[in-house]
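S.K.: Structure below; questions to follow.
Values in this text are rule-based calculations from the coordinates and carry no lab data. Just so you know, these numbers come straight off a predicted model, no measurement behind them. Cβ coordinates were reconstructed from backbone atoms using ideal geometry, including for glycine residues, and neighbour counts include every protein chain displayed.
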Amino acid sequence: MNTIRMLTNELRLLWRSVLARLIVVLIASFAVLGMQAIDHADAMQFHGMGRTSLTMSLGASQYAALAGAALFAMLTLLVLSRDRRQRSRAIIEAAGGHGRVMATRIVALLGLAFLTALATLIATFLAHHALTSAPCELSPYLFSLGLILLPALWFAVLIAAALDLAFENLDIAFLSFGVVYFTGFTSPNYLFRWVQTSASVYSDFGGIEPVGRLVVYNRLFWTCLVTSAVLAGFSCRRHPGFSLRASLAKNAGRGILPATALVVIAVSVWVYANEPHLFPQDSIFRKGDLPRSEQAWLETAECHTQLQTHAKTLAVEAQYGFGKEPGPVEIEFITNAGLRIEVLTINGANAAWSPVPDSDRVRVSLPAGPRADVEFRYQGHIRYPRPGGLPGYITDHSVYLLEDCHWLFEPLTQAKGSVKMSGSVTAPAHLTVVTAGRLESVTQNGDSRTWRFAATGPELTPGLFAAEYSCQTFSVGPAQVEFYYSPKHETYIRAAGIANHIRDMLGFYQELMGLSAFDDLPLKIVETSVYKPGGHASLNVVTLAEYMLNRAKVSDPNTDPRFILRDMKTLAHELAHQWWGSGVAVAESGVWSSEGLAEYMAYKYLAARYPPQITHNIPGGWRGSASAHKYAYYRKDPRALERMRPALREKLLQNEIKGQAYSVLPLRLLAAEEHAGQEAIRNRLAEVFQRYRGRTLGWQDFTAIMGPGVIELEKEEP
Ligand SMILES: [Zn+2]
């Protein structure tokens, strides 16, 4: 009874203080400011995205958490140090026990944090109606404010309390909180980001879940961590007249506090070590430089996949047919670290595999003989390589599996001729499944459906997508187009005439190259979530991130060139990959890449359709990234690269190569147009495409047709 009276007393005291009231108002105001965060984001493509409760609630909670954690820590330190500052501790000590008073004050501060989150919820709800006509949904606001803002405030109170108890010194507590606070929103490790989480945007298409699971795990980890910090803080609490050491011994004598602190620390370490969502050593980071065996080559692949969307898992039976050299051969498969192999058979007999240390790869030995059949059975969930730009996820409402997430294990072998792929995907009946290649049949079985498909391509490119899609079909010349999009974005898609843009681009490319990318396969254009920005092309499937299909308002590319022209360029680039990348596979090395050809084609289209004053900055951008390395700080001082952290060096050099892959080739093609003439370059490119359609094109083959000396990649930029 006495405790409750103490608590209500403390709460009343807090509520009467002007500082506390000001803090509540400030946090709610930051939340309202943050509701438009998407328009101030680093990534320009997000600006102008259709506003929804999801994007607005995330911004609100991130802004409010950033301000709120700092303010609440300050308040906590001031409140807890009050007796020390006013030298009234002795009285309190005598009256009821200092420890109990401190605990009551901490609980009162946690209560104030809860009221703040509630006030913020009401403020953002009211602001939502003023800012947008989009429907105001409660659950995204509850998720964001309840799982991002509120825990951030609570953690701030508890961290500050632990520091005050441990140091009993305001200056040291302030400084050490500063350090914990800055790591809390700047750390590249998402588990350390307790203030602002690493989610930069929520998807209207994919929902909160794919990034929400990272938020939830982060909160679990920090709940353990701050609990142990507070328990440790109480274990250090000084007794009057005793030193820290003597107080520690005295507290330890009472037993339960320090022992519980140690247990919770152990639990935190376990939670940290068993993080289930990320795999930082993912092969995606070393895609180009993993060696591929030349003694075996993939000829066929058959995979049967069950999507268990409720459990967020998949189960796969995958059979690979290899041609090979007669002797025994060792090859590696890239897997996904979240998928567990259950069975491996080679030529029908059970076989063993060995994991490659610190990687997501496994090694397999193929016995002597001209062929080998390998069958894997595995299941599990998809692990992400990093907390943003996800290459794959599974939820109840959408499934996004690029070949890059290796949901279908990829053998590290060289392609020799084309690969025949076939298989099936079984998914809950409310989902429409889109696979690479041709859809052969769909059969219903209870409340699931099985989609059978077949594809032939120069390499294994098994993109797999599913969602509650609407579909528009149309034809452009000989090409059949299937356009899959979320019914939620239909209004914008129709008003912006996206299908007309697609028609126009495909018609333009068909004319430019003289032929369609594929004779017999439909082109599938698929809306996907913003969790992987931009677009992607796998065989005859092109994906587009939702923001291109869901802008806040319809704009004319001629007059509003900023992100609308950028959307057009992304769309034109991804469609151009149907010719370069899918129709003709490019044997990429360094600057020679399908990206350069797709960029060039997209520019030709935009330059033909829009005035030069809005398209001229595209070659300008290429020039910038082609020569960026010359002006980079680390290129000015030759020893800078040597002194750098290896991880940073690798990242910078990789970005350099990536930027050049998109820029050097199109610049050289434009230069070649200058002396050989646009007509000649266009005819030769069309000839390259016609001769290599369905095959792999190397740099030598390309220059052989383009003519000697017409395009030189090695030449220095003038
Ligand atoms: Zn591309």
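S.K.: Angle between the Cα long axis of helix 594-609 and the longest principal axis of the chain, 0 to 90 degrees, nearest 10?
M.R.: 80 degrees
S.K.: Let me spell out the model: positive unit charges on the Cβ of Lys and Arg, negative unit charges on the Cβ of Asp and Glu, origin at the Cα centre of the chain. What dipole size does that give, in debye rounded to 20?
M.R.: Dipole size: approximately 3220 debye.
S.K.: Gap in Å between the Cα centre of the stretch 201-228 and the Cα centre of the stretch 323-370?
M.R.: First find each Cα centre; the distance between them is then 35 Å.
S.K.: At a Cα cut-off below 18 Å, give the lysines reachable from LYS324, other chains included and same-chain residues fewer than 8 away excluded.
M.R.: LYS416, LYS420
S.K.: For PHE205, enumerate residues with amide H under 5 Å from its amide H, sequence gap 5+ or separate chain, H modeled in the peptide plane.
M.R.: The answer is VAL530.
S.K.: Give the residue from LEU460, TYR202, HIS310 lying farthest towards the positive end of the charge dipole for the chain; charges sit on Cβ (+1 for Lys and Arg, -1 for Asp and Glu) and the dipole is referred to the Cα centre.
M.R.: TYR202
S.K.: Also: With both partners inside the chain, how many of the DSSP beta bridges are antiparallel, as a percent to the nearest 5?
M.R.: Antiparallel: roughly 80 percent of the beta bridges in the chain.
S.K.: Go through PRO135, ALA415, GLY659 and say which Cα lies farthest out towards the positive end of the charge dipole of the chain; charges sit on Cβ, +1 for Lys and Arg, -1 for Asp and Glu.
M.R.: PRO135
S.K.: Ranking request for peptides 638-648, 375-385: highest mean number of other beta-carbon atoms within 10 Å first, then the rest in descending order.
M.R.: Peptide ranking by packing, descending: 375-385, 638-648.
S.K.: Could you pull out every one of the lysines with an alpha carbon less than 28 Å from that of LYS569, ignoring same-chain neighbours closer than 8 positions?
M.R.: Qualifying lysines at Cα under 28 Å: LYS287, LYS488, LYS524, LYS532, LYS553, LYS604, LYS630, LYS651, LYS658, LYS715.
S.K.: Using the Cα gyration tensor of the stretch 585-706, with a ≥ b ≥ c the square roots of its eigenvalues, what is the shape: rounded (a/c below 1.5), prolate (a/b larger than b/c) or oblate (neither)?
M.R.: It comes out oblate by the Cα gyration axes.
S.K.: Just to confirm the number: angle between the C-alpha axis of helix 150-167 and the first principal axis of the chain, 0 to 90 degrees, nearest 10?
M.R.: 50 degrees
S.K.: Same structure, new question: When the helix-only estimate is applied to the chain (DSSP H runs of n ≥ 4, each -39,500 (n - 2.57), divided by the residue count), what is the mean residue ellipticity at 222 nm, nearest 500 deg cm²/dmol?
M.R.: Estimated from H runs of four or more residues: -15500 deg cm²/dmol.
S.K.: Taking +1 at the Cβ of each Lys and Arg and -1 at the Cβ of each Asp and Glu, which of GLY446, GLN62, ILE172 sits farthest along the dipole of the chain towards its positive end, judged by Cα position relative to the Cα centre?
M.R.: It is ILE172, whose Cα lies furthest towards the positive end.
S.K.: Something else about it: Could you tell me how many degrees, from 0 to 90 and to the nearest 10, lie between the Cα long axis of helix 98-131 and the main elongation axis, the longest principal axis, of the Cα atoms of the chain?
M.R.: Roughly 40 degrees, rounded to the nearest 10.
S.K.: Taking θ as phi - 60°, what are the ³J(HN,Hα) couplings along the stretch 76-85 by the Karplus curve (6.51, -1.76, 1.60), each to the nearest whole Hz, with x for Gly and Pro?
M.R.: 4, 4, 5, 5, 6, 8, 4, 5, 5, 5
S.K.: Which order do the peptides 109-119, 652-662 come out in when sorted by mean C-beta neighbours inside 10 angstrom, highest first?
M.R.: 109-119, 652-662
S.K.: Quick query: amide H of ARG361 versus all other amide H atoms, modeled in the peptide plane; which residues come in under 5 Å with a sequence gap of 5 or more or a different chain?
M.R.: THR335, VAL356
S.K.: Follow-up. To the nearest 20 debye, what is the magnitude of the charge dipole of the stretch 283-565 about its Cα centre, counting +1 on the Cβ of each Lys and Arg and -1 on the Cβ of each Asp and Glu?
M.R.: 440 debye
S.K.: Can you pull a Stokes-Einstein diffusion coefficient for the chain at 10 °C (1.306 mPa s), Rh from Kirkwood over Cα pairs, as a whole number of µm²/s?
M.R.: D, rounded to a whole number, is 55 µm²/s.
S.K.: Taking θ = phi - 60°, what integer Hz values does the Karplus form 6.51 cos²θ - 1.76 cosθ + 1.60 yield along the stretch 17-22, in sequence order, with x for Gly and Pro?
M.R.: Once rounded to whole Hz, the list reads 6, 4, 4, 4, 5, 4.
S.K.: Which whole-Hz ³J(HN,Hα) couplings does the stretch 391-405 yield from phi under the Karplus relation 6.51 cos²θ - 1.76 cosθ + 1.60, θ = phi - 60°, glycine and proline marked x?
M.R.: Going residue by residue, I get x, x, 7, 10, 9, 4, 9, 8, 10, 10, 10, 6, 4, 4, 8 Hz, with x marking Gly and Pro.
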